[in-house]
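Colleague: The structure is given below, and queries will be raised subsequently.
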Amino acid sequence: AALNGGLRSQVSAALKEGRVAPTELCQRCLALIKSTKFLNAYITVAEETALKQAEESEERYRRGQPLGILDGIPIAVKDNFNTAGIETTCASNMLKGYISPYNATVVQKLLDQGAVLLGKTNLDEFAMGSGSTDGVFGPVRNPWSYSKQYKEKSVPKSHSEDEESNWVITGGSSGGSAAAVSSFTCFAALGSDTGGSTRNPAAHCGVVGLKPTYGLISRHGLIPLVNSMDVPGILTRCVDDAAVLLGSLAGHDPKDSTTIQDDFKPFELPNLTDVSKLSIGIPKEYHAPGLSSEILALWSKAADLFKKAGAKVVEVSLPHTRYSIVCYHVLCTAEVASNMARFDGLEYGHRSDMKDSTESMYAATRREGFNDVVRGRILSGNYFLLKQNYEKYFVKAQKVRRLIANDFVKVFRSGVDILLTPTTLSDAAPHTEFIQEDNRTRSAQDDILTQAANMAGLPAINVPTALSERGLPVGLQFIGRSFQEKQLLTVAKWFEKQVQFPMIQLEEVKRHDSDVFHHQKSASFS
């Protein structure tokens, strides 16, 4: 039952009281990883390392000297964070077999607090995508595809169709991390968020996905996609747990010059009882083309929930939002082109056998190492950065980005505390339907509601809200003021309590591990 518990209130307490041992917790999670292998959530499972870390944690508990709330807690990390001694692939042929000599700062901070690293999770190649379908290790399957809730609502034509073509995507690019948390194989996972890559899969997998303010958490050791927008993301089963992880990870890092200089004080979230002093903004531009009527109705219902509880709910305008996808495409590809230049076959990663010349070796290495999506973004980015195009595209996009960020500043200065928006346009699409469109089209559609927060560097969180008519999770997004994570998470926790999102009932796993799942409402570790 500890697998369903909150980190601070239940799991950490159970470990301290000796009701469950870190090794037992680790073994149970490893067993669940094996029984949910069909989800393809993990690229690498570090079983030996994890068990060793769990044994060390057990010894600390025996001595009465745990390192903190996270000591002995099994976690997973997206495979674009460097981990010493464990392969880091970015789901690409370019980095297959690459083992980093150092840990990313966020990974090191978790290990320093006694967390048990179970393994590395699947993603779109180099985190470029919104479905977790474009990595070399194959697509990630959404655990909800195998839930009782979804199976009761979906009527397949045949049993074989049910198993093979009826499963839905996790969203991306942190789909492996979201699936890992959703399927109980770990208590929390790290993702990365450049345009919504933590919040999007969190919404589709029914978990909490937090994108902190840019600069609050170190990016050192996160293999970069877009340096000016990348943020390590946090995926958990409840808002309280996201606050626990944030408290462990946030703060200045001398290895990342973009992190805040001030010390970060971890906080425990209060139980908000009075929301009458809150002003909730509803941005009209987020009523975007393609937004499903189901999500629109849920968004309105959530706004009414705040209004009935006494909060002030106001419609606001973020007029430059409509330019954000085009702007993002230019800036993203330009930075991708620059970042991907390091993969040349000389220093690390894949090297082609082509020996005609250095130039032909470069070209062959990159052709063999990168998929079409990555190569396409490199080409686009280099085009935008050509001398004759630089002012016309890159500089203009930077100016538009400033206008988008200023829209948020104006809204928050007007007295609005938190913005409430949808996270995704619809619930998770079936894989067969999702792959009909190319990656660029899909990303442009899927990032439309999440990506402006990255442009402005603001904190945002997905809170699982309800199940769709198909029995799949739907989430709503809260966007807060810069560095006001405590207020954002406090409001998100209040909302989470009101909506009482149901626990996933994983039929497939129950057959393998029947005593793990007790259908409780809460699924946190804090």
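The values are calculated or read from the model by the stated rules, or taken from the named source; none is laboratory data. Given the structure is predicted, the values throughout are model-derived calculations rather than measurements. Cβ sites come from the backbone with ideal geometry, for glycine too, and all protein chains shown count toward neighbours. Protein only, heavy atoms only, side chains kept; ligands, DNA and RNA dropped before computing areas. Shrake-Rupley method; radii C 1.70, N 1.55, O 1.52, S 1.80 Å.
Colleague: Provide the per-residue ³J(HN,Hα) series for the range 256-270, in order, calculated from phi with Karplus coefficients 6.51, -1.76, 1.60 and θ = phi - 60°, each as a whole number of Hz, with x at glycine and proline positions.
Modeller: Coupling constants for the range 256-270: 10, 5, 8, 7, 4, 7, 6, 6, 9, 9, x, 9, 9, 6, x Hz.
Colleague: So, with a 1.4 angstrom probe, what is the percent of accessible area on the range 148-300 that is carbon and sulfur?
Modeller: Accessible surface attributable to carbon and sulfur in the range 148-300 totals 51 percent.
Colleague: With runs of 4+ DSSP H residues as the only contributors, calculate the mean residue ellipticity of the chain at 222 nm using -39,500 (n - 2.57) per run, divided by the residue total and rounded to the nearest 500.
Modeller: -11000 deg cm²/dmol
Colleague: From zero up to wherever the largest Cα-Cα distance of the range 345-458 sits, split into 5 Å bins and tell me the percent of pairs in each.
Modeller: The distribution over the range 345-458 is 2, 8, 11, 13, 14, 14, 14, 11, 6, 3, 2, 1, 0, given as percents.
Colleague: Net charge around Gly135, counting only other residues with Cβ within less than 14 Å of its Cβ (Lys, Arg = +1; Asp, Glu = -1)?
Modeller: Around Gly135, the surrounding residues sum to -2.
Colleague: Based on the inverse mean of 1/r over its pairs of different Cα atoms, what is the Kirkwood hydrodynamic radius of the range 312-397, in Å?
Modeller: 15.0
Colleague: Convert 37 °C to kelvin, take the viscosity as 0.692 mPa s, use the Kirkwood radius over C-alpha pairs of the chain as Rh, and evaluate the Stokes-Einstein diffusion coefficient in µm²/s, rounded to a whole number.
Modeller: Estimated via Stokes-Einstein, D reaches 143 µm²/s.
Colleague: With an 8 Å Cα cut-off and a minimum separation of 6 or more residues, compute the relative contact order for the range 180-273 in percent.
Modeller: Computed over the range 180-273, the figure is 28 percent.
Colleague: Right, another one. Grab every C-alpha pair in the range 116-272, bin the distances at 5 angstrom width from 0 up to the longest one, and report whole percents.
Modeller: Once binned at 5 Å, the Cα pair distances of the range 116-272 give 2, 10, 17, 19, 19, 14, 9, 5, 3, 2, 1, 0.
Colleague: Among the aspartates and glutamates, select those whose C-alpha is under 13 Å from the C-alpha of Lys392, and discard any that sit fewer than 8 residues away in the same chain.
Modeller: Cα-Cα hits under 13 Å: none found.
Colleague: While we're looking at this one, here's another question. Taking the convex hull of the alpha carbon atoms in the range 459-509, what volume per residue do you get, in Å³?
Modeller: Spread over its residues, the Cα hull of the range 459-509 gives 88 Å³ apiece.
Colleague: Give, in whole angstrom and from largest to smallest, the semi-axes √(5λ) of the equivalent ellipsoid of the range 40-182, with λ running over the eigenvalues of the Cα gyration tensor.
Modeller: 32, 20, 11
Colleague: Using a 10 Å Cβ count of at most 16 others and DSSP loop calls, identify the longest part of the chain lacking such GluC sites (Glu not before Pro).
Modeller: Counting only loop sites that pass the neighbour cut-off, the longest clear stretch is 18-267.
Colleague: Right, another one. List the lysines whose Cα sits under 24 Å from the Cα of Lys497, skipping any in the same chain fewer than 8 residues away.
Modeller: List returned: Lys148, Lys211, Lys277, Lys301, Lys307, Lys308, Lys312, Lys486, Lys521.
Colleague: Over the range 253-294, what per residue volume does the convex hull of the Cα atoms give, in whole Å³?
Modeller: Spelled out: Cα convex hull of the range 253-294, divided by residues, is 248 Å³.
Colleague: Out of every Cα-Cα pair in the range 307-351, what percent are more than 18 Å apart?
Modeller: Within the range 307-351, distances greater than 18 Å cover 62 percent of Cα pairs.
Colleague: On a straight-distance basis, which aspartates and glutamates could pair with Lys493 in a cross-link, Cα separation under 19 angstrom, same-chain partners fewer than 8 positions away excluded?
Modeller: Counting by Cα, and skipping residues close in sequence, Lys493 has these aspartates and glutamates nearby: Asp240, Asp241, Glu268, Asp274, Asp304, Asp417, Glu485.
Colleague: I'd like to know which of Ser338, Ala364, Met354 lies farthest towards the positive end of the charge dipole of the range 323-377, counting +1 on Cβ of Lys and Arg and -1 on Cβ of Asp and Glu.
Modeller: Farthest towards the positive end: Ser338.
Colleague: Next up: I need the Debye-formula profile for the range 190-336: one equal scatterer per C-alpha, no solvent, reported as log10 I(q)/I(0) at q = 0.16, 0.19 1/Å, two decimals.
Modeller: Results for the range 190-336 at q = 0.16, 0.19 Å⁻¹ read -1.17, -1.40.
Colleague: What is the dipole size for the range 282-415, taken about its Cα centre, with +1 at each Lys and Arg Cβ and -1 at each Asp and Glu Cβ, in debye to the nearest 20?
Modeller: Taking the Cα centre of the range 282-415 as origin, the dipole is about 720 debye.
Colleague: When ligands, DNA and RNA are left out and all protein chains stay put, how many square angstrom of accessible area per residue does the chain have with a 1.4 Å probe?
Modeller: Spelled out: the 1.4 Å probe surface of the chain, per residue, equals 39 Å².
Colleague: Continuing with the same structure: With loop defined by DSSP as not H, G, I, E or B, and exposure as at most 14 other Cβ atoms within 10 Å, which is the longest segment of the chain clear of exposed trypsin sites (Lys or Arg not before Pro)?
Modeller: The reported range is 20-156.
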